[in-house]
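FYI, it's all coordinate maths here, none of it is from the lab. Bear in mind the structure is a predicted one, so any value in this text is a computation, not a measurement. Here the Cβ positions follow ideal geometry from the backbone for every residue, glycine too, while neighbour counts run over all protein chains shown.
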Amino acid sequence: MSFQNARFVLSAAAKTGYPPTELPEVVLAGRSNVGKSSFINALCQQKHLAYVGKRPGKTRLINFYEIPQILSLVDAPGYGYAKRSRTELAAYGQLMEDYFRLRPISGVLLIVDSRHGLMPDDEDMLTFIREKQLKVLIVATKSDKLTQSERMKTLAQLQQRFGHEVILFSAQRPQEVKRMQDRLLEFIAESKNNPA
Ligand code: GDP
């Protein structure tokens, strides 16, 4: 059982397209371009499992990955892309509502850029996650772009303000990737023993 055995399962455009589920499911939520694909690739130690650098907002699908015997990792479409029409926003809202209503979700990783913290639409997402009473970890990515003192400040500020655990993450730093893998395993175990 290893993160390296991860595989892409399918992309779903609507609730009819979800794969069968048995493993604990963890969702990655975050703004477009925040680093979700890089997070998946780094976590699973594969270069091209998720597609990095896609045009912001062009991915409107829910992507399902499986890490055999460990978890189902789900990449929700990135939000916060300014040029979406009202119709597209409504479709996005429906896609997310259906997904969160219909799947047995163990927890959510809210992925934010460590340099910017939570933007207003991340705060909206956090409210949505709290309403669903789901466990949440905030992952502050691209941490390699912070100085040591900025790291401490970012952690303290985010934790204090939002009251959730915050993990600094860099897809470029193996020790942070390893720490994230370990934390994720604990996170799943905690949600099995103590569902939110
Ligand atoms: P997504 O749209 O959320 O899937 O974001 P991507 O994974 O495609 O990343 C967006 C951009 O941020 C790409 O240019 C990545 O190379 C860059 N990026 C992602 N994660 C990191 C990181 O940990 N460190 C740095 N320096 N760049 C990152």
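Quick notes
- Fully extended contour minus Cα-Cα distance, from Gln172 to Gln133, at 0.36 nm per residue: 10.8 nm
- Backbone N within region 68-111 under 15 Å of label point (7 Å from Lys145 Cα along the Cβ vector): 111
- Residue range of the chain that is longest and free of GluC sites (Glu not before Pro) which are both DSSP loop and sparsely packed (at most 15 other C-beta within 10 Å): 23-164
- The modelled label-to-label distance between Arg84 and Leu102, using points 7 Å beyond Cα along the C-beta direction, is 1.8 nm.
- Mean projected area (nm²) of the alpha-carbon convex hull when region 95-196 is viewed from all directions: 6.8
- Which of Gly80, Pro104, Ala156, positive extreme of dipole for the chain (C-beta unit charges): Gly80
- Given in Å, the Rg to one decimal and the Dmax to the nearest whole number for the Cα atoms of region 1-124 are 14.0, 43.
- Put a plus charge on the Cβ of each Lys and Arg, a minus charge on the Cβ of each Asp and Glu, and nothing anywhere else: the dipole of the chain about its Cα centre is then about 560 debye.
- Whichever aspartates and glutamates have a C-alpha closer than 20 Å to that of Lys132, once near sequence neighbours (fewer than 8 apart) are set aside: Glu25, Asp75, Glu97, Asp98, Asp121, Asp122, Glu123, Asp124, Glu165, Glu190
- Taking every alpha-carbon pair under 8 Å whose residues sit at least 6 apart, the chain reaches a relative contact order of 23 percent.
- Considering only beta bridges that DSSP places wholly inside the chain, some 35 percent are antiparallel.
- Mean ellipticity per residue at 222 nm, deg cm²/dmol - from DSSP H runs of n ≥ 4 across the chain, formula -39500 (n - 2.57): -12000 deg cm²/dmol
- Segment Arg7-Asn194, length gained on full extension (0.36 nm per residue, minus Cα span): 64.5 nm
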